[in-house]
Amino acid sequence: MSEQLKFIVDQLNREPFKKNLNLITFDSLETMQLLQTLNDVLAEIDPKQAIDIREEMPEQTAKRMFTLLGMLKYKPPGGMSEVSSFRQGLVTGSKPVVHPILHWLLQRIPELKKRSYLARFLVKLEIPAEFLQDDIIAETYHQYEELVEGFKNIHKECEQLKSSGFSTAEIRRDIVAMEEEKDQLIKRVERLKKRVEAVSNHQRMLELARQLRKQEQKNQLFQAEQRLQRCQIQLKDLQQAGADEKPESLMKRLEEDIKFNSYMVSAKLPRELESMRKVVQYLQKVASEPALGQTELRELEDKIRETNTEINQLIEKRMMRNDPMDDKLSLFRQQAAIIVHKKEAKVEELQEAREELAAVERELNMKTELIRGDEVLKTHSHYPQHIETQLQEIAELKVEYGVLQRTEEILRERHTAGQQQLQSLEAQRGISGYSDTQEELERVIICHEDLCLFQVKKLNSVIAQKKSALSPLIKDLRALRQEHAELAPEYEQKKTQYDTCAVGLESNRSKLEQEVRVLREEMAQEESRYHHINCMREIIESQMQRAADQSKINQSMDLQVRRTALREKYIANTAEQESLGKVLRQQVKQVRENQEPSMRQMKMWKDLETLLECKKQCYLKAQSQAPIGHVIQYVGKDMLVL
């Protein structure tokens, strides 16, 4: 139960619910909250269920949920016998009923979404039989059933397309790319047409090109037919060879091929690949390093000599130790190395033999193709005797190949039978394994000799390779040394000249840069000063113009013009401000004189307002109470009559 609750809480905290719950808060949910959570999960499956359960009756909510669960094929834990208790628990929001429903729904949301989507179209309407007696209703229902079946087929095709791996986006991209390519090809063809139309006799040339293309297609077709015939002949030969051979021989041959291929893949090819990688790394390292001089080469030679002396000293120490166990182990190591070398040599020989056999078979197939071709017979009709002799030779070679193959199989069978008989005789005499030991000793002796010869040959070949590889380099090195000796003094002379010239130019450049920097600073200062003076000049000119204008206005005899002068305006403004100051000073004097009477008057008005408010309250209170008498009003006085 705890695992079920953990799963429910985990799923509700994810997209698209994001409830942000834990086990305690989920277990403490009230009935309405739990039913709302169930309704949210059902709304994720069927968007029509997205409503607030507080806005509908509990019976309607339970009926709606029960109908949807039935459509989704949910089976209550108790089976059909407890349907009523399940319905009652769904109405009341019981946890033992709601929790299994949530667990079942959250496990299958994608599947249930699909089922809910299909149910809208595949759940058939139930029409009473008496209504189906009507022809129009029956025909409409029949069309409805046909549409449902059509929807099923279309949905199956859609699912097949989705599962087939095709993507509409990829198809659209391919279509767009093909359309762009088509447009480019059309533009290309148009450009080529324009270029061809300028050539004389282009129609004739196009016709010849068309005929040439047809001839090339015919040749390709003929070559394809020849390849088909060759493949058919090879198939017949293989079928005949497979029919003639025994299953044991086929299995043995396959096992040998498998052993050979596995050895090539697991042992030989990885070693060759690793050696080639080491060579490439060494060459890259050599190429990345700078060219070595004479001193560096001497240092490397000295290091090589030191390393060789250390190796010789270690070998002498090992020989002086003279441990018999190490001698035996060295003997076994030598034997293992000899066997490995012999195995590698045999593998290389076998691979070369296979390559040679494949080349011979390709040559033979080419010859048979040339012989069987009708076109070849037509074009070389004056060589019939030569072709017949070649065919006879090929047939004889095939027969001889089959005989030799059969002889090889017979000899192998006899060899295995002889080995078995020899082993049985050794077991009878009590010396079982004698022949194997004898062969092992002979192989060890041969391997030891082969190892010595192999090492000697290998060392000689390595020395020869090194000499042949170093001889052109030594020649080039001598020429380069001589050239270096000739060019070195000239180089030193030119270098000194360059250094002196560079130093002089550098000093001149630094001086010029300093002068340019000083001149630029002076130019910036003078330019700012020029702008400042220019602005001040414009301001002074405007002020002088304004003063001249005012002097002209003051000297004018026209009163209207003189009134527009600034002097007159300033005098008028000054007089106006002085009169305004006098008025304000009088007002201040009046305010100071009237302050105390005004304060007393304001206090009296406030007292009057308070008295009137009190009378109003008394009047309202008297109106709210029961009347004790009535008031008679006369002129100037009031009377209360009880």
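Couple of notes before you dig in:
- Carbon and sulfur %, accessible surface of the range 1-123 computed with the full protein complex present, 1.4 Å: 55 percent
- Ligands, DNA and RNA left out, the accessible area of the range 524-575 computed with a 1.4 Å probe is 57% carbon and sulfur.
- The simple spin-label model puts a point 7 Å past each Cα toward its Cβ; for Arg529 and Glu59 those points are separated by 10.6 nm.
- Three-way shape call for the range 139-245 based on the alpha-carbon gyration tensor, with the a/c threshold at 1.5: oblate
- Calculated FRET value between Glu352 and Lys475, using beta carbons and R₀ = 25 Å, to 0.05: 0.10
- Cα gyration tensor category, rounded, prolate or oblate, for the range 1-123 with a/c compared to 1.5: rounded
- Estimated FRET transfer efficiency (Ile571, Ala547; beta-carbon r; R0 22 Å; 0.05): 0.80
- Between Tyr141 and Met178, the C-beta separation translates, for a Förster distance of 51 Å, into a calculated FRET efficiency of about 0.65.
- Two-site label geometry, Gln217 and Asp10: point separation in nm, points 7 Å out along Cα→Cβ: 6.5 nm
- Cross-link pairs exceeding 19 Å between alpha carbons, from the set Lys259/Lys342; Lys342/Lys467; Lys48/Lys95; Lys259/Lys343; Lys268/Lys346; Lys73/Lys124: Lys342/Lys467; Lys48/Lys95.
- Peptides 542-554, 192-204, 109-121 ordered by average Cβ neighbours within 10 Å, highest first: 109-121, 542-554, 192-204
- Table column - 3J(HN,Hα) (Hz), the range 341-346, Karplus curve with 6.51, -1.76, 1.60, x for Gly and Pro: 5, 5, 5, 5, 5, 5
- In Hz, Karplus ³J(HN,Hα) per residue of the range 89-102 (6.51, -1.76, 1.60; θ = phi - 60°; x = Gly, Pro): x, 5, 5, 7, x, 6, 5, x, 9, 6, 4, x, 5, 4
- Viscosity 1.567 mPa s, 4 °C: Kirkwood-radius Stokes-Einstein D of the range 118-186 over Cα pairs, µm²/s: 82 µm²/s
- Extending 7 Å from Cα along the Cβ direction at Ile258 and again at Ala502 yields two label points whose distance is 7.2 nm.
- Share of pairwise Cα-Cα distances greater than 15 Å in the range 1-42 is 36 percent (whole percent).
- From phi via Karplus (6.51, -1.76, 1.60), per-residue ³J(HN,Hα) for the range 213-228 in Hz, x at Gly/Pro: 5, 4, 5, 5, 5, 5, 5, 5, 5, 5, 5, 5, 5, 5, 5, 5
- Calculated accessible area for the range 118-182 comes out at 86 Å² per residue, all protein chains present (probe 1.4 Å; ligands, DNA, RNA ignored).
The values are calculated or read from the model by the stated rules, or taken from the named source; none is laboratory data. All of these numbers come straight from a predicted model, not from anything done at the bench. Note that we place each Cβ from the backbone using ideal geometry, even for glycine, and neighbour counts take in every protein chain shown. These area figures cover heavy atoms from the full protein model, side chains too; ligands, DNA and RNA do not enter into them. Shrake-Rupley method; radii C 1.70, N 1.55, O 1.52, S 1.80 Å.
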